[in-house]
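What follows is calculated from the coordinates using simple rules that are stated; it is not laboratory data. On a predicted model such as this, the values are computed, not experimentally measured, just so you know. Every residue, glycine among them, receives a Cβ derived from its backbone with ideal geometry; neighbour counts consider all protein chains shown.
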Amino acid sequence: MRAHESQSTRSLARYLLRIGVPTGFSYEVHADEVVIHHHGRRATTLRGQTASDFLAQVASSDDSFGQELMARLTGNYKRGNERDARQHPRSSG
């Protein structure tokens, strides 16, 4: 266990990952670009209009929406339900 994390924080993070809620995203603004990190590692860089749109959406929303938005922008949002979707009757065609 990391020194700055409590057991309850780690348990909550595991629970959120299990139910499919994105966690662990952060972002930094550098001049004309936005750098998105996932668990401390650089995941993507947004520039131009995409960066401006992202900052506007994050500023006017709560943290959970921001986490989901960053997951979608980095492509890190397909976790956990692929098997269920493959087995859906609509997908058997």
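From the backbone phi of the range 49-63, what are the Karplus-calculated ³J(HN,Hα) couplings (6.51 cos²θ - 1.76 cosθ + 1.60, θ = phi - 60°) in whole Hz, Gly and Pro given as x?
For the range 49-63, the Karplus-derived couplings read 5, 4, 5, 5, 4, 4, 4, 5, 5, 5, 5, 9, 9, 8, 5 Hz, x marking Gly and Pro.
Can you tally the net charge around Gln57? Count Lys and Arg as +1, Asp and Glu as -1, for every other residue whose Cβ sits under 14 Å from the Cβ of Gln57.
-3
Starting with the highest mean, order 39-51, 61-73 by the number of other Cβ atoms within 10 Å, averaged over the residues of each peptide.
Descending mean neighbour count gives 61-73, 39-51.
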